[in-house]
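Below: the structure, in structure tokens.
Just so it is clear, none of the values below were taken in a lab; they were calculated from the coordinates. These figures come from a predicted structure and were not determined experimentally. So basically every Cβ, Gly included, is an ideal-geometry build from the backbone, and we count neighbours across all protein chains shown.
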Amino acid sequence: MFKDQSNQLRILPPTEGTLEKAARLLFEGELVAIPTETVYGLAADATNDAAVAKIYSLKKRPQFNPLIIHFAEVEQIKPHVEWNEMAEKLAHTFWPGPLTLVLKKKSSSSLSLLATAGLETVGVRIPHHEVTSLLIQRAGKPLAAPSANPSEAISPTSAEDVRKGFDPETPLLIIEGGICQGGIESTIVDLTLETPTLLRPGLVLPEKIEAILHRPVQFLATVSSIKAPGQMKRHYAPDIPLRLNVTAVLPEEALLAFGPFPLRGAAKTLNLSRSGDLAEAAANLFAMMRELDTPLFSSIAVMPIPSYGIGLAINDRLGRAAIQKEETCSLASR
């Protein structure tokens with residue numbers, strides 16, 4: 001991994017020199033933290049098993065949880081997947097952007113089996129961030145890149161979030177790319193089933209996908225097996241408990257408010273959007289959760305968020321974040 005003279009995490013500006021250094025590290029099988037329009041990603045050469053294994057190791061991520069593979073253009077994707085008409089329509093409309101398509105993987109694909117968790121399918125997307133697009137082109141390889149944070153923890157929306165998420169002695173190059181505009185992970189749609197299926201809600205809304213495909217999109221509330229990132233029962237979680245849809249707040253709690261009338265009485269309050277704008281709330285979600293995630297508070301109380309539009313994605317993240325570790329252990333033992 002990247003190691004500066006102080007043997008610590010290092011944030012570097014997105015200069016030509018930084019991109020050249022990052023591309024070289026990726027070629028050598030090391031990890032690089034990259035900016036995207038959704039959240040920061042922990043990237044590795046998606047064709048290198050050993051490099052991908054370092055992602056799972058650093059994140060402490062379950063190896064049955066597949067990774068999204070990032071490309072710079074559609075023509076780079078086609079050698080790896082069974083491309084179809086639905087994929088063509090959605091790619092033309094939403095790429096580059098926060099949409100991941102799950103497609104059947106070609107047997108001839110060079111993608112790491114570890115990156116796809118041994119599945120016959122793979123999630124692919126083209127991120128809408130100039131720095132990462134340039135890096136993918138310079139590296140000459142697709143990049144496996146889950147969120148750049150320990151598994152189950154709050155996703156990072158800034159380079160500084162990435163730095164704080166890992167041990168200071170971790171030798172890792174982090175490319176500065178500004179604050180992520182979207183703030184939550186990509187929408188994931190499975191195109192391998194008879195009916196297009198929403199595996200994870202995000203910034204690209206189901207109704208917009210339906211309008212392009214001229215057919216309904218189904219959403220599976222429960223899954224029998226994990227086919228894409230973000231389907232783990234517990235995910236995006238702070239260290240302290242999270243209470244959802246609160247109508248009253250305790251004095252020792254922090255409050256994650258929404259709308260012009262935040263509840264009173266919390267030890268500290270942050271408002272996702274005073275105007276009730278769901279897009280603004282999505283962009284602020286992880287950063288504000290991270291700021292309130294401190295032992296100074298007994299828990300984080302969250303005011304109700306409307307469950308329509310981007311609110312579906314926000315509530316999906318909050319619901320998974322609210323699951324306690326004890327519950328996931330209990331579910332795993334059943």
Quiz item: Rounded if a/c is under 1.5, else prolate if a/b is larger than b/c, else oblate: which is the range 242-332, with a ≥ b ≥ c the root eigenvalues of its Cα gyration tensor?
Solution: oblate
Quiz item: Over the chain, what number does the Rg to Rh ratio reach, with both radii from the alpha-carbon atoms and Rh per Kirkwood?
Solution: 0.96
Quiz item: Given Cα pairs under 8 Å that are at least 6 residues apart, what percent is the relative contact order of the range 10-219?
Solution: 31
Quiz prompt | For Ala301, residues with placed amide H under 5 Å, excluding near neighbours | solution = Arg243, Ala254, Leu255, Leu256
Quiz item: How about the range 16-122: which trypsin sites (Lys or Arg not before Pro) there are in a DSSP loop, with at most 10 other Cβ atoms within 10 Å of their Cβ?
Solution: Lys60
Quiz item: So what is the 222 nm mean residue ellipticity for the chain from helices alone, if each DSSP H run of at least 4 adds -39500 (n - 2.57) and you divide by all residues, rounding to the nearest 500 deg cm²/dmol?
Solution: -8500 deg cm²/dmol
Exercise. Can you put Tyr308, Tyr56, Tyr40 in order of Cβ neighbours within 10 angstrom, beginning with the fewest?
Key: Tyr308, Tyr56, Tyr40
Exercise. Measure out, as a whole number of angstrom, how far apart the alpha-carbon centroids of the range 297-321 and the range 106-171 sit.
Key: 25
Practice problem: Count the lysine pairs in the range 10-219 whose Cα atoms sit under 13 Å apart, keeping only pairs 8 or more residues apart in sequence or on different chains. | Solution: 4
Practice problem: For a footprinting-style exposure proxy, rank Phe297, Phe27 by other Cβ within 10 Å, fewest first. | Solution: Phe27, Phe297
Quiz item: When the dipole is taken about the Cα centre of the range 1-124, and only Lys, Arg (+1) and Asp, Glu (-1) are charged at their Cβ, what size is it in debye, to the nearest 20?
Solution: 460
Quiz item: Hey, got the dipole for the chain? About the Cα centre, +1 on K and R Cβ, -1 on D and E Cβ, debye to the nearest 20?
Solution: 500
